[in-house]
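The values are calculated or read from the model by the stated rules, or taken from the named source; none is laboratory data. Predicted model only: the values in this text are computed from it and were never measured. Using ideal geometry, Cβ is built from the backbone for each residue, glycine included, and neighbour counts are taken over all protein chains shown.
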Number of protein chains: 2
Amino acid sequence: MRSEDIAKLAGVSRSTVSRVINNYPNVPEATRAKVLRVIEQYQYEPNSFARALAGKRTDTIGLFAISMNEKENASRIYQNSYFAPIVDLVVDTANARGFYVLIHTVYSPEDFQKIKQAFLQKRIDGGILVGTQKDIELVRELVGQNAPLVLIDYDISEIMAERLNKSHLAVINSMDYEGTVEAIEYLIGLGHREIGIIKGRMNTFSGRERYTAFVNTLRKYGLPVREEFVLEGDFLKETAYREAQRLTAGGKLPTALFSSNDDMAIAAMEAFAEHGISVPEHLSLIGFDDVQLAAVISPKLTSVKLPIDDMAKAAVSKVIDLCSAEEPTFSTVSFPTRLVVRDSCRPPQA
Amino acid sequence: MRSEDIAKLAGVSRSTVSRVINNYPNVPEATRAKVLRVIEQYQYEPNSFARALAGKRTDTIGLFAISMNEKENASRIYQNSYFAPIVDLVVDTANARGFYVLIHTVYSPEDFQKIKQAFLQKRIDGGILVGTQKDIELVRELVGQNAPLVLIDYDISEIMAERLNKSHLAVINSMDYEGTVEAIEYLIGLGHREIGIIKGRMNTFSGRERYTAFVNTLRKYGLPVREEFVLEGDFLKETAYREAQRLTAGGKLPTALFSSNDDMAIAAMEAFAEHGISVPEHLSLIGFDDVQLAAVISPKLTSVKLPIDDMAKAAVSKVIDLCSAEEPTFSTVSFPTRLVVRDSCRPPQA
DNA sequence: CTGAAAGCGCTTACAG
DNA sequence: CTGAAAGCGCTTACAG
């Protein structure tokens, strides 16, 4: 069934059928009704490729989850408490607004090509990038294609520096700096003076922000940043587990530990438990993200809530807006975080 | 950059460019190299819509997660321990095989139209359906379009009855019946004679299978199926929590409870805990699916492992195969389950 | 208000 | 081995 068939059946031309489908104003109600009746009767749907080829939008957006180096281990997208909700919310929001979403995971630099291809092949109207390693080169390339692009968790200063801010581009962030400050101040308020950190990925905006905020806050209160209490991390459980082991082996423990995300906090907690160090009795622990599990494990984890709902929804709104925007625009939003106090922190033992 | 431009640059015709792109054999190595060089130089990618329109495949498959009535509550796709891994694995497997995946969630009967549209609009080469409510009418309609279709968790006898088995259709199941039998026999072996169940969704093949297997196994061993120990359920936490409350309120408890999935088992465990009933001391509890959380909570949940990896991968392989199949074919696979014994079961108290 | 025609960027018989 | 031409199913100026 093609538009031509509908046209014949309705006794009009293809042009008119097209006008009805696209809801153009210049067609009399009678004609419209007649055509619509035939369309419904035959359950006609215009071929999306022909439409797109003839200049219409594809009504699909791309969602690219970048997760370098994570292919091998078990911790993948769906188990990643950060990606999973984003995927879900993006799909839902887009669907509700009549868009399809093409989803693709990027595990290696070669996979990046897939993102470019999706744009180049005109498969999508615009795209959302989330995850690590959104190098400025990639962003520049993508922006070069003039395709609407939304970046989740990205340092805007890079974009300003590259003068990319007059493109079809938007950046969605969370206020990680402020959230971390709140967390550290909470620990300090509890009386802690020996505070450690498990770092996140440093090739991530939020990872850097959380670390910087940690350091600055300690300094602000005149507390030392002790090297042996700074654990390397990459937002993944495995590394955090190993680092926590290493920390316990060192003999000396901080009285409180800030973990750059919940997944790592939970992994560290396991490592500690195995060495008879219990939270919060021996060590206060605070996470970031406020994933589902945080409220389920025992002790319940105190954490900084990431406004992931808002971020995902905003991302979809932004791409869709950008798709129909005439002029290049750059915009950026940061959503606030919030400290959720549970049972994993306590004043230090005397 | 269009194929015509490439053709000019390379000094050949569009036909030849097309032949090179599609890797046809009848083009001399020299010509191929020449064209390829230009293509790379300009980073040319053929417009996917034009290709599709001209008869090529779209190289994208659809993944439709059907989850009726779940929109309102918080338990959505990404938190659903069943959907989430499927989505992840399907995307990964498809991507690795060079396919894009269009993802769509279906929350209401109206949303079903979206599935049909995706096919009708020729957006996808084939589709995978997973979740509840895959009514035979929908399946029939979809099959009517002659589009490759893979159903995860579906009663094949319905398909046979409808004579749909000479279509581009495949069904992927798990051996839920056998898995349930194993679980119940394990409980019986432990000495339990008063065994209850939390039912799954009855509009789901696996839900029915698990229930039937439960009933049949009790009967087989001459044990009663006591109505008050049969709790209604829908695979979701909320309902299970409420039903568990109801059970405890009734005063009489079974000595063991089989839950049709882990999510409900965990919810029930919470409800019990609040009433001072602890697992496994007062009540043995066994789940189904073996989700991640099962090994994390305390007590660790004994569960029947669902071969979700195998299922998701097989689903992708199947759609892709069906896409290039000439003749209509029907096939079906069932992957075995496995009982994973942990700490939530114990012989009944004397 | 509405139709004929050109065009979107490919692929694929058809000739040669 | 390779090009000219038709065709895929739409949309959109252009006339009228």
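Points to keep in mind about this one:
- Subset of the stretch A:1-13 that is assigned to a loop (DSSP other than H, G, I, E, B) and within 14 Å of chain B (Cβ to nearest Cβ) - its residue that is nearest to DNA strand D (Cβ to nearest atom): A:Arg2
- Residues that are without any contact (Cβ under 8 Å) to a residue 24 or more places away in the chain and either touching a Phe, Trp or Tyr at 6+ places or on another chain (Cβ under 7 Å) or assigned to a helix (DSSP H, G or I) (or both) within the stretch A:19-36 comprise A:Arg19, A:Val20, A:Glu29, A:Ala30, A:Thr31, A:Arg32, A:Ala33, A:Leu36, listed in sequence order.
- Identity of the residue in the stretch A:292-323, assigned to a helix (DSSP H, G or I) and not hydrophobic (A, V, I, L, M, F, W, C), that ends up farthest from A:Val171 (Cα to Cα): A:Gln292
- When the residues of the stretch A:6-16 are filtered to those that are of a type in the set (Gly, Ala, Ser) and over 21 Å from A:Ser48 (Cα atoms), the one that is nearest to the chain's Cα centre (by Cα) is A:Ala10.
- Residue match in the stretch B:76-84 (condition: modelled with pLDDT of 85 or more and more than 9 Å from chain A (Cβ to nearest Cβ)): no
- A:Thr239 being in the same structural domain as A:Ile286 (by TED's automatic domain parsing), in a helix (DSSP H, G or I) and within 20 Å of A:Ser67 (Cα to Cα): yes
- Scanning the stretch B:40-64 for residues that are in a helix (DSSP H, G or I) and surrounded by 20 or more Cβ atoms within 10 Å (Cβ to Cβ), we see that the one that is farthest from the other protein chains (Cβ to nearest Cβ) is B:Arg51.
- Only residues that are among the charged types (D, E, K, R) and within 10 Å of DNA strand D (Cβ to nearest atom) were counted across the stretch A:14-59, and they come to 6.
- Test: residue in the stretch A:294-315 that is surrounded by fewer than 22 Cβ atoms within 10 Å (Cβ to Cβ), in the same structural domain as A:Ala240 (by TED's automatic domain parsing) and closer than 26 Å to A:Gly250 by Cα: yes
- Looking across the stretch B:283-298, the residues that are closer than 19 Å to B:Thr337 by Cβ and within 14 Å of chain A (Cβ to nearest Cβ) come down to B:Asp289, B:Asp290, B:Val291, B:Gln292, B:Leu293, B:Ala294, B:Ala295.
- In the stretch B:17-31, residue nearest to the chain's Cα centre (by Cα) [restricted to those that are within 8 Å of DNA strand C (Cβ to nearest atom) and more than 14 Å from chain A (Cβ to nearest Cβ)]: B:Asn22
- Residues satisfying the stated conditions in the stretch B:316-350, i.e. closer than 30 Å to B:Thr255 by Cβ and in contact with an Asp or Glu (Cβ under 9 Å, 6 or more places away or on another chain): B:Pro336, B:Thr337, B:Arg338, B:Leu339, B:Val340, B:Arg346, B:Pro348, B:Gln349
- Of the helices (runs of 4 or more DSSP H) entirely within the stretch B:126-229, those holding at least 2 residues that are in contact (Cβ under 8 Å) with a residue 40 or more places away in the chain occupy B:156-161, B:176-189, B:205-220.
- Condition broken by B:Ser167, with the remaining ones in (1) over 19 Å from the mean Cα position of the chain (by Cα); (2) assigned by TED's automatic domain parsing to the domain that holds B:Ala312; (3) surrounded by fewer than 20 Cβ atoms within 10 Å (Cβ to Cβ) satisfied: (3)
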